[in-house]
Amino acid sequence: LIHGVVSINKQYVSAEYGPHRPRSQLNREDAVRLGPEQWTWLERELKSDPAVFTILGTGLPLLTERGYLDKWLLYPLERERLLGLISRRSNTIVISGDSHFAEIQCSNTTRGPLFEVQSSGMTHNCLDMIPDLLCKYYIKFVSECDGCIVEPFIDLNFGTITVMWGSSKTAPRVVIEIRGREGVALHYLIDIGAEQHCPSKHHVEYQIVWQMIAVILLTLFSVSSPLSSLHHCCVSLR
């Protein structure tokens, strides 16, 4: 059976922040996102059922290393611990948001590929906060994404996951879709248990000069409209 949805979106503890700058920064590299009770709960949930596959929901992107985003990478010790827990299970799919655009990433683990579906938002995206061309150019050509397996989608969106159950002797197939204003924008099919490695990554020729220009412009705009000021995420399951 499917393990259901294990959500850690609202499981958090406070962390100490430094002085206010254009964007306040965490004060310590050992900042925490989950407390002891939350970790105990999460470990119990992930160990309690030998499911065919697991869907784990979290408000912040887990795999991404993109700049100018709230992400688990800002909590390096917590991220390492969470990835360690996930790597003990085969066939895990992470769903996340908060980034104001959509993409699908994959990372190889000792138990096979770990997929992450990142979708947001239904009411706001980065096009609402910074100029259209700057937003699209920064995400597609400047902000590097080593784990992306499809081109990111930059517009209002939501995600769906459809499970196609086979017979008792065949593993299910999972259809991941990102839907925008005009229907399906991104589509990916996962054969549970059949894929041993991540697929080929989406390749982009990054341009250093334009990277520098875009980062400077984005920094100026983030003073008044930081990308993390709004938090809208929706991933629906059917």
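No lab work stands behind these numbers, since they all come straight from the coordinates. Just so it is clear, the structure is predicted and the values come from calculations on it, not from any experiment. Ideal geometry is used to build each Cβ from the backbone, glycine not excepted, and the neighbour counts take in all protein chains shown.
Assorted remarks:
- Counting only lysines at least 8 places from Lys201 when in the same chain, those with an alpha carbon closer than 30 Å to its own are Lys71, Lys136, Lys140.
- FRET E, pair Gln38, Met164, Förster distance 41 Å, beta-carbon r, rounded to 0.05: 0.80
- Debye, to nearest 20: dipole size of the stretch 106-200, +1 on Lys, Arg Cβ, -1 on Asp, Glu Cβ: 320
- Expressed as a whole percent, the proportion of Cα-Cα pairs in the stretch 84-190 lying more than 17 Å apart is 57%.
- Spacing of the two label points (7 Å from each Cα toward its C-beta) at Arg173 and Phe141, in nm: 3.7
- Anchor Lys47: lysines whose Cα lies under 21 Å away (excluding residues fewer than 8 positions away in-chain): Lys10
- Cut-off under 5 Å, modelled amide H: who pairs with Glu65 long-range: Asp146
- Taken about its Cα centre, the stretch 74-122 carries a charge dipole of roughly 300 debye when the Cβ of each Lys and Arg holds +1 and the Cβ of each Asp and Glu holds -1.
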